[in-house]
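Only one structure is covered here, and it is reproduced in the block below.
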Amino acid sequence: MRIAVTGATGTVGRTFIAAAMAEGHDVLAMARNPDAVEGQVACAPFDLLQEPCCDPHILRGVGTVVHLAAAIIMDPLDRAEADRLWQINVLGSGALVTAMAEAGVPHIVMASTANLYDPLAGTADERSPIRADRRSLYLGSKAAQEFHAAECCRAAGIALGTMRISSVVQTGDDIIARIAGRIARGEDAGIANPSYGADFVALDDVASGLLLACERRLTGIFNLSSGSRFTLGEVEATIRRQLLADVRNCAADPGPGGDDGYAAADCAKLAAHGYEPMAIERIVERTLREANPSFHAIEA
């Protein structure tokens, strides 16, 4: 299958492209700076702030577009940031669908976020209400992106698979890697709020879930997650157990007004198609091994 990938120079984009090419897919990497794309892959210019965002002719013969390109919030108090999020995440996604329609591309897999769910909802599935009022500029733009892209795809007759991705780790510079690095150096874990939690999903699982959505031509909304929520205190405890055989309880009360983070996102819907996420223990073990190839987990 020929797969076009926007956001090809990002962490998820690079990992997905490698996974897709390893499975024999023909990949077209789309980025603002095609020269920055790594590896032996066809490249094309793509910019969500330009009109049009790309030359529709480059999409001829593409079976699925994996849409990963997005703007993130830098300064939540800057009104210009809100306009940038709207232009790129919302209107830009609609412009991409327009180019796809002109080129005859039948399917798009679009990256969204599972952090839209109400953190007090427990474990959220795809039918759970979304709540974009926390960190509202970015999350609000992703919610609007979902709605706008769905309507654009409906009007164009393009099949849409929306992947709500939870908090990605195993990137080399994520929260788990930073905590592990501090503990390995004999330092304090540096966690301000051990009760802050999220659904941590491995980068490799994100790539495999996106590829699954392409190969199965999935449509609808899917949680691409681990399916479980872990607090930073639990993450610290897992690292200490594997690294030092230390079984201390690292959880703590954040006190009144503490930010508890995000909900778990049930991934059973995607798992029904063959998706198998990595457990937190395995994520921690791989993080420690990537930092030190000779590492072997200690059985406490």
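Determine whether the stretch 254-276 contains at least one residue that is surrounded by fewer than 17 Cβ atoms within 10 Å (Cβ to Cβ), touching a strand residue (DSSP E or B) at 6+ places or on another chain (Cβ under 7 Å), over 30 Å from Ile17 (Cβ atoms) and not assigned by TED's automatic domain parsing to the domain that holds Glu23. Checked against the condition, which is being surrounded by fewer than 17 Cβ atoms within 10 Å (Cβ to Cβ), touching a strand residue (DSSP E or B) at 6+ places or on another chain (Cβ under 7 Å), over 30 Å from Ile17 (Cβ atoms) and not assigned by TED's automatic domain parsing to the domain that holds Glu23, the stretch 254-276 yields at least one hit.
Okay, residues lined up against (1) out of contact with any Cys (no Cβ under 7 Å at 6 or more places or on another chain); (2) within 18 Å of Gly172 (Cβ to Cβ):
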site	(1), (2)
Ile3	no, no
Gly10	yes, yes
Arg14	yes, yes
Ala18	yes, yes
Ala22	yes, no
Val27	yes, no
Arg32	yes, no
Asp35	yes, no
Ala42	yes, no
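Scanning the stretch 114-125 for residues that are of a type in the set (Ser, Thr, Tyr) and either surrounded by 24 or more Cβ atoms within 10 Å (Cβ to Cβ) or touching a Cys at 6+ places or on another chain (Cβ under 6 Å) (or both) turns up just one, Tyr117. Listed conditions (1) assigned by TED's automatic domain parsing to the domain that holds Ile130; (2) crowded, with 23+ Cβ neighbours inside 10 Å are all met by Ala180, apart from (1). Among the residues of the stretch 236-257, is there at least one that is part of a loop (DSSP other than H, G, I, E, B), over 30 Å from Pro106 (Cβ atoms), among the hydroxyl-bearing types (Ser, Thr, Tyr) and touching an Asp or Glu at 6+ places or on another chain (Cβ under 9 Å)? Within the stretch 236-257 (the criterion being part of a loop (DSSP other than H, G, I, E, B), over 30 Å from Pro106 (Cβ atoms), among the hydroxyl-bearing types (Ser, Thr, Tyr) and touching an Asp or Glu at 6+ places or on another chain (Cβ under 9 Å)), the answer is no, since none of the residues qualifies. The stretch 120-207 holds strands (runs of 3 or more DSSP E) entirely within its bounds, and those carrying 1 or more residues that are within 19 Å of the chain's Cα centre (by Cα) and within 19 Å of Leu232 (Cβ to Cβ) map to 167-169, 200-202. Confirm whether Thr219 is within 22 Å of the chain's Cα centre (by Cα), modelled with pLDDT under 95 and among the polar types (S, T, N, Q). Answer is no for this residue.
Only one of Asp83, Asp75, Asp47 is outside any helix (DSSP H, G or I) and within 19 Å of Leu139 (Cβ to Cβ); which?
On the way: Asp83 fails: outside any helix (DSSP H, G or I); Asp47 fails: within 19 Å of Leu139 (Cβ to Cβ).
Just a single option satisfies the conditions, and that option is Asp75.
For the stretch 63-72, a residue qualifies if it is part of a loop (DSSP other than H, G, I, E, B) and either over 25 Å from Ala101 (Cβ atoms) or in contact with a Gly (Cβ under 9 Å, 6 or more places away or on another chain) (or both), and the qualifying residues are Leu68, Ala69, Ala70, Ala71, Ile72. Report whether or not Ala99 is of a type in the set (Gly, Ala, Ser) and part of a helix (DSSP H, G or I). Yes; evaluated as a whole, the condition is true for this residue.
Going through Gly63, Gly7 one at a time, which residue ends up being surrounded by fewer than 18 Cβ atoms within 10 Å (Cβ to Cβ) and touching a residue at least 60 places away in the same chain (Cβ under 8 Å)? Don't jump to the end; show me each part of the working.
Working: Gly7 fails: surrounded by fewer than 18 Cβ atoms within 10 Å (Cβ to Cβ).
Matching residue, one of Gly63, Gly7: Gly63.
Say whether the condition of being of a type outside the set (A, V, I, L, M), modelled with pLDDT of 95 or more and assigned by TED's automatic domain parsing to the domain that holds Thr6 is met by at least one residue in the stretch 129-144. Within the stretch 129-144 (the criterion being of a type outside the set (A, V, I, L, M), modelled with pLDDT of 95 or more and assigned by TED's automatic domain parsing to the domain that holds Thr6), the answer is no, since none of the residues qualifies. Filtered by the rule that a residue be aliphatic (A, V, I, L, M) and more than 23 Å from Ala99 (Cα to Cα), the stretch 13-35 gives Ala18, Ala19, Met21, Ala22.
Yes or no, residue by residue, for (1) of a type in the set (Gly, Ala, Ser); (2) within 23 Å of Glu215 (Cβ to Cβ):
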| site | (1), (2) |
| --- | --- |
| Ala18 | yes, yes |
| Ala22 | yes, yes |
| Gln40 | no, yes |
| Cys54 | no, no |
| Gly61 | yes, yes |
| Ala82 | yes, no |
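The values are calculated or read from the model by the stated rules, or taken from the named source; none is laboratory data. In this text the structure is predicted, and so the values were computed from the model without any measurement. As a convention, Cβ positions derive from the backbone with ideal geometry for all residues, glycine included, and neighbour counts pool all protein chains shown.
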